[in-house]
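*Asks:* Below you'll find the structure I mean.
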Amino acid sequence: MGWHSFELEWLRKNRTQGILSLECKLTFMPGKLRLFRLLLGSLLPARLRVFLMRRRGAIIGRGVSLGPLSIFQCGKIVIGDGCRISAFTYFKVRGLLELGEGASVGLFSRITAAEAKIGPETSICRSVAITGARARSILTTGPRCYIGDSCTVDLYCPVTLGEEVGIGGNSRIYTHGSWQSELEGFPISVGEVRAGDFCWMGAEVTIFAGVEVGEFATVGGGTVMRRRVPPYALAFGNPGKVVLQNGDHIQNTGDDGRWELCRQIIEELAEHQEWTGCKVEREFSADHSKVLMDGMLLILRRRVERFENAGAIISFGRMTDGLILEFENAGVEWFDLDRRRCLRGGTTLSAAIRSAFSNHGVRFQTTARGKIADAPDTKRGRKPSAAGAESAS
């Protein structure tokens, strides 16, 4: 008796375990082989992987970074310029996986979905689990969203995040909850979750099925939210309740207050660079701040009306399109606080500036070189007027 005949005879004698084992051998071996090939491919150099993925139909932009053991099992792949995919990430998307320009996915994160569209410059941090295995398992995020470390997103139903939505670390979003039989009358919860533009959900927030968070709304850390949060509202607690509406928690800082905050951010940046070992020289006055860091000059002005030679220029007031193009042609990084825009790409100085402002919740939409005239202004989150509050209610 040959080995294969002996094995089949043994499986017949052990019917329960044997049939299951035989089914596993016949059904799952092709999947294991595919996964094994993907694992081997994920160890190839990033440039070679990009080349091979393009040969198989993937659309991948320039400057894309693929970490080792980042695995893609997707129907269609579209990855924009400058995306960063860390090591040990896993994407299993039956349909389209789309990552916008400058998007990033952190270490040990995974996305399983029917479709996933990640907006430009969106950051999905470490150990994020976004999982769903249905036709309605659809994830959509706008540009510049943030999903913090160790978040969990249940994609039984669609989850939609608007522009510049932030979710703090260890938060949970559920679109489905059931265990006891609905046939016997027990309740279940099923519904998609939506978050409007520029809203913020703090660390360890729990959002349940069917909840909609309005634009510019704030959900405090540790909140367990089961009901809708209106635009410009503040909600917190367990159970979560809306405690302030119509932007009553937003301070009217005025132009002078915002200018002083910008000067404070530049001072903090200079202190941090000095702490890291840079040689820093400072010059502050009523209408400008100048910081020289290891030979790179940063200038903040209340209004920039003419060209200045520097490493980076920050204008509190709006700059003209022509002046911005002049800075670009001279290789000067520019930041327009009125438009909330800056030059795409940039140097380490540019990254440090963006990080310093981001610590205070100020983010810049990046603009391609030479395209400032085509870029619309971004929405602002200032306190709504009384008329706007009445219409919202």
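The values are calculated or read from the model by the stated rules, or taken from the named source; none is laboratory data. Here the structure is a predicted model, which means the values were calculated and not measured. A quick note on method: Cβ atoms are made from the backbone with ideal geometry, for glycine too, and the neighbour counts reach across all protein chains shown. For accessibility, only protein heavy atoms count, side chains too; no ligands or nucleic acids. Shrake-Rupley method; radii C 1.70, N 1.55, O 1.52, S 1.80 Å.
*Asks:* Which peptide among 299-308, 165-174 comes first, and what is the full order, when sorted by highest mean count of other Cβ atoms within 10 Å?
*Replies:* The packing order, highest mean first, is 165-174, 299-308.
*Asks:* Cα convex hull of segment 124-205: how many Å³ per residue?
*Replies:* So the per-residue Cα hull volume is 93 Å³.
*Asks:* Subtracting the Cα-Cα distance from 0.36 nm times the residue separation, let me have the gained length for GLU326 to GLU305 in nm, one decimal. Walk me through the intermediate numbers first.
*Replies:* Details: separation 21, 0.36 × 21 = 7.56 nm, distance 1.16 nm.
Taking GLU326 through GLU305 to full extension adds about 6.4 nm, to one decimal.
*Asks:* Accessible area per residue, 1.4 Å probe, Å², for segment 234-355: what's the number?
*Replies:* Details: 6340 Å² over 122 residues.
It amounts to 52 Å² per residue over segment 234-355.
*Asks:* How do ASP336, ASP255, ASP374 rank by accessible surface area computed with a 1.4 Å probe, from largest to smallest? Display every interim value, and only then the final one.
*Replies:* Values: ASP336 0, ASP255 85, ASP374 115 Å².
Of ASP336, ASP255, ASP374, the descending order of accessible area is ASP374, ASP255, ASP336.
*Asks:* I've got another one for you. Taking 0.36 nm per intervening residue step and subtracting the Cα-Cα distance, what contour gain separates ALA351 from CYS278 on full extension?
*Replies:* On the way: separation 73, 0.36 × 73 = 26.28 nm, distance 1.55 nm.
Stretched fully, the ALA351-CYS278 segment lengthens by 24.7 nm.
*Asks:* Then there is this: Heads up, I need the accessible area for ILE59: 1.4 angstrom probe, whole protein in place, Å², nearest 10.
*Replies:* 90 Å²
*Asks:* Taking LYS241 as the anchor, which aspartates and glutamates have their alpha carbon closer than 14 Å to its alpha carbon, excluding any fewer than eight residues away along the same chain?
*Replies:* Straight-line reach from LYS241, under 14 Å: GLU212.
*Asks:* Round to the nearest 10 and report in Å² the accessible area of THR366, as given by a 1.4 Å probe over the protein chains' heavy atoms.
*Replies:* 10 Å²
*Asks:* Want the number for PHE186 to SER358: 0.36 nm per residue separation, take away the alpha-carbon distance, what's left? Don't jump to the answer; show the numbers that get you there.
*Replies:* Working: separation 172, 0.36 × 172 = 61.92 nm, distance 4.57 nm.
This chain segment gains 57.4 nm when fully extended.
*Asks:* What percent does the relative contact order of segment 137-238 come to when contacts are Cα pairs within less than 8 Å and at least six residues apart? Don't skip to the end; give the middle numbers.
*Replies:* Working: 314 pairs, mean separation 21.5, N = 102.
Relative CO of segment 137-238 lands at 21 percent.
*Asks:* Heavy atoms only, probe 1.4 Å: what % of the accessible area of segment 139-248 goes to carbon and sulfur, would you let me know? Provide the component values of the computation, followed by the final result.
*Replies:* Working: 2410 of 4890 Å².
Looking at segment 139-248 in its full context, I get 49 percent from C and S.
*Asks:* Remind me, relative contact order of segment 49-174 in percent, using alpha carbon pairs under 8 angstrom and six or more residues apart? Don't jump to the answer; show the numbers that get you there.
*Replies:* On the way: 399 pairs, mean separation 20.2, N = 126.
The value is 16 percent.
*Asks:* Compute the FRET efficiency between LEU244 and ALA203 as 1/(1 + (r/R0)^6), taking r as their Cβ-Cβ distance and R0 = 25 Å, and round to the nearest 0.05.
*Replies:* Values: r = 20 Å, r/R0 = 0.80.
With R0 = 25 Å, the Cβ-Cβ based efficiency is 0.80.
*Asks:* If you rank LEU161, LEU183 by how much accessible surface each has, with a 1.4 Å probe, what is the order from largest down? If you can, show how the numbers build up before the last one.
*Replies:* Details: LEU161 10, LEU183 165 Å².
Result, largest first: LEU183, LEU161.
*Asks:* Keeping every protein chain in place, order VAL280, VAL291 by accessible area at 1.4 Å, biggest value first, i.e. largest first. Working shown, then result.
*Replies:* Working: VAL280 20, VAL291 0 Å².
The residues order as VAL280, VAL291, largest area first.
*Asks:* For segment 301-345, what is the per residue volume of the convex hull drawn over the alpha-carbon atoms, in cubic angstrom?
*Replies:* Details: hull volume 2.8 nm³, N = 45.
Cα-based convex hull of segment 301-345, divided per residue, equals 63 Å³.
*Asks:* Please calculate the 1.4 Å probe accessible area of LYS279, with all protein chains present, and give it to the nearest 10 Å².
*Replies:* The accessible area of LYS279 comes to roughly 140 Å².
*Asks:* Search the structure for amide H atoms under 5 Å from the amide H of VAL213, placed 1.01 Å from N in the peptide plane, and list their residues when 5 or more places away or on another chain.
*Replies:* Placed amide hydrogens put ARG194, ALA195, GLY196, VAL229 under 5 Å from VAL213.
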